[in-house]
Amino acid sequence: MMHIHYISKCLQHFVKAKHWRGFGIHSPYVYHLQRHIISTNTKSDREIRRIVRRYRKELARDNRRIDLNDLGTGKAKSGIVSSIVKRAAVDEKSGMLLSRLVADYKPEVVIEMGTSLGVGTAYLALGAGADVEVITIEGSPECSKVAQKMLDKHGIHNVKLIVGGFDEELPKMLKSIERKKVLVYLDGNHAYEATMRYMNMLLEIADDNMMIVMDDIHLHTGMTKAWREVCQMEAVTTTIDLMRMGIVIQRSGAQKEQYVLRW
Ligand SMILES: C[S@@+](CC[C@H](N)C(=O)[O-])C[C@H]1O[C@@H](n2cnc3c(N)ncnc32)[C@H](O)[C@@H]1O
């Protein structure tokens, strides 16, 4: 059932959001994102959409039960693969946006926090292109196993899958990517404290070269609080609230700017 907080945020967003054509956006960079990346399809979209649809369809037919060790909710439970993909995987609209953002931003490394069955990973890896590595972290060994098999089977090889908890794995990984241009997709553990902890870790090493896409920024009051605080952080220059997702950008020389955009 949809939470009352989420419904009220949707209504507020509808009233506040700037037009999808970019009217009233002063920043040339944000105007570019809105006109050419957020609200438009690009040439390579069709092929990526085709590959990930096939990937998703295959998971939707998989009725195996696997163990889930969700470090985000702290619950040890199991689930059927076909239901997990329906419940947890990024939807096509958001996934295609991720792939366009990666292709446009041209990071040296992509990080995904929360692999699940690898659907989001597939969009990111295909958008990034074969030469850019996508490092994805997942706490559930069984989910990771399915994701790794599926990625291999669908010819998506520019992925390094790390099995482990964000709190242990992220600090190790961040050491190895310091000073690189990085795009991060944060899609696991949607709790206020955890989100702020990961955002602080990421922005500490950001060095003017980071884009972070936060999923479900208005899922509940805790996530909206986290989003508001992230927008105020000193290290953050540009934020774009798309309701379902939030884009956080650190750009040298840019003034602090906050946008709410229709998508
Ligand atoms: C919403 S799903 C990710 C969906 C995926 N990005 C996609 O689009 O297909 C979140 C995943 O994050 C993992 N997760 C949550 N908290 C975690 C943590 N602290 N460490 C490692 N993995 C975690 C869960 O096991 C779950 O599989």
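Every number here is computed from the coordinates shown, using simple stated rules; none is lab data. Only a predicted model underlies this, so the values are computations on that prediction, with no experimental measurement involved. Cβ placement follows ideal geometry from the backbone for every residue including glycine, while neighbour counts extend to all protein chains displayed.
Remarks
- Anchor K175: lysines whose Cα lies under 19 Å away (excluding residues fewer than 8 positions away in-chain): K160
- Fraction of the pair-distance distribution of segment 46-162 above 17 Å, Cα-Cα pairs, percent: 51
- 5 Å binning of all Cα-Cα separations within the chain, expressed as whole percents from 0 upward: 1, 6, 14, 17, 21, 18, 14, 7, 2, 0, 0
- Restricting segment 60-159 to GluC sites (Glu not before Pro) that sit in a DSSP loop and have at most 15 other Cβ atoms within 10 Å of their own Cβ leaves E108.
- Segment 121-235: translational diffusion in µm²/s, Stokes-Einstein, Kirkwood Rh over Cα pairs, 4 °C, 1.567 mPa s: 85
- Tilt relative to the chain, helix 166-176 - C-alpha long axis, 0 to 90 degrees, to 10: 70
- Simple rule: put +1 on each Lys or Arg Cβ and -1 on each Asp or Glu Cβ in segment 1-132, find the dipole, and look at V132, I37, Y105; the Cα lying farthest toward the positive end is I37.
- Rounded to the nearest 20, the Cβ-based charge dipole of the chain about its Cα centre (Lys and Arg +1, Asp and Glu -1) stands at 1120 debye.
- When each of the peptides 123-131, 35-43 is scored by how many other beta carbons lie within 10 Å of its residues on average, the order from highest to lowest is 123-131, 35-43.
- Relative to the Cα centre, the charge distribution of segment 1-148, modelled as +1 at Lys and Arg Cβ and -1 at Asp and Glu Cβ, gives a dipole magnitude of about 760 debye.
- Helix 141-153 axis versus longest C-alpha principal axis of the chain: approximately 80°, rounded to the nearest ten.
- For the peptides 215-224, 94-103, 171-180, residues were scored by their other Cβ atoms within 10 Å and the scores averaged per peptide; the highest-first order is 94-103, 215-224, 171-180.
- For V90, distant residues with modelled amide H under 5 Å away: G120
- For I135, the residues whose modelled amide H falls within less than 5 Å of its own, excluding neighbours fewer than 5 places apart on the same chain, are V110, I111, E112, K160.
- In a DSSP loop and with at most 15 other Cβ atoms within 10 Å, the GluC sites (Glu not before Pro) in segment 218-263 are E234.
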